[in-house]
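S.K.: Pasting a structure below so you can have a look.
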Amino acid sequence: MIDSTQTNNSMLQKQLIDLASSAGKPVNIAKQQEAENNRKDKQVEHLKQELIETSRALNQEMKRINTDINFSYNDDIRGLVVTVKEIDGNKVIREIPSKEAIELMKKMHDIVGLIFDKKG
């Protein structure tokens, strides 16, 4: 029992010495931010895969009920796009969001990237 108390005291002293020696030193925020960014990137990739799988399932269901509605993932807007075609599949009736809206979203992403670019 005395040995365990001495061991605990030694460990406590080492921790106190480590804390005291690191006092006043800057915290490595870059490593923390990198870890957070990696976690966010993994989460975004996981959500992207879920959207792709959901669009595949929806497309299979649409084929089963003989409708020409197509769901797809768009990397530019990081979301789903719905395309409605005529029965014969030759003419696109509607695309949601529209091509113009997709282009506008891409430009907005670029502008926001320029405004908040850390390199600039």
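S.K.: Say each of His46 and Glu95 gets a label point 7 Å from the Cα, pointing the same way as Cα to Cβ; how far apart are those two points in nm?
M.R.: In this crude label model, His46 to Glu95 measures out at 3.2 nm.
S.K.: Follow-up question, since we're still on this one. Please compute the modelled spin-label separation between Asp18 and Asp110, points set 7 Å along Cα→Cβ, answer in nm with one decimal.
M.R.: In this crude label model, Asp110 to Asp18 measures out at 5.0 nm.
S.K.: Ranked highest first by the average count of other Cβ atoms within 10 Å around their residues, in what order do 35-46, 52-63 fall?
M.R.: 52-63, 35-46
S.K.: Let me ask another. Residue by residue through region 62-72, what is 3J(HN,Hα) from phi via Karplus (6.51 cos²θ - 1.76 cosθ + 1.60, θ = phi - 60°)? Round to whole Hz and write x for glycine and proline.
M.R.: Once rounded to whole Hz, the list reads 5, 5, 5, 9, 6, 10, 10, 10, 10, 10, 9.
S.K.: For region 40-120, just say rounded, prolate or oblate: build the C-alpha gyration tensor, square-root its eigenvalues into a ≥ b ≥ c, call rounded for a/c under 1.5, and beyond that prolate if a/b exceeds b/c, oblate if not. Mind showing how you got there, number by number?
M.R.: Numbers: a/c = 5.87, a/b = 1.72, b/c = 3.42.
Oblate, since a/c reaches 1.5 and b/c is not below a/b.
S.K.: Sticking with this one: Once you place label points 7 Å from the Cα toward the Cβ at Arg78 and Glu103, how far apart are they in nm?
M.R.: For the pair Arg78/Glu103, the computed spacing is 2.3 nm.
S.K.: Now for a separate question. Work out from phi, with θ = phi - 60° and the Karplus expression 6.51 cos²θ - 1.76 cosθ + 1.60, the ³J(HN,Hα) of each residue of region 29-41, listed in order in whole Hz, and give x for Gly and Pro.
M.R.: 5, 4, 5, 5, 5, 5, 5, 5, 5, 4, 5, 5, 4
S.K.: Quick one: which residues, 5+ away or cross-chain, put their amide H under 5 Å from the amide H of Arg78? H built at 1.01 Å from N.
M.R.: So Arg78 has HN proximity to no qualifying residue.
S.K.: Sticking with this structure for a sec: Pairs Lys40/Lys106; Lys31/Lys99; Lys40/Lys85; Lys14/Lys40; Lys63/Lys107: which exceed 31 Å Cα-Cα? Display every interim value, and only then the final one.
M.R.: Details: Lys40/Lys106 21 Å; Lys31/Lys99 39 Å; Lys40/Lys85 36 Å; Lys14/Lys40 35 Å; Lys63/Lys107 34 Å.
Flagged as over cut-off: Lys31/Lys99; Lys40/Lys85; Lys14/Lys40; Lys63/Lys107.
S.K.: I've got another one for you. Add +1 for every Lys or Arg and -1 for every Asp or Glu among the other residues with Cβ under 13 Å from the Cβ of Ile52, and state the total.
M.R.: Details: positive: Lys48, Arg56, Arg78; negative: Glu45, Glu50, Glu53, Asp75.
After counting each charged neighbour, the total is -1.
Every read-out reported here was derived from the displayed coordinates using simple, explicitly stated rules and does not represent laboratory data. Worth saying up front: this structure is predicted, and the values here are computed from it rather than measured. Positions of Cβ are generated from backbone atoms using ideal geometry, with glycine treated the same way; all protein chains shown enter the neighbour counts.
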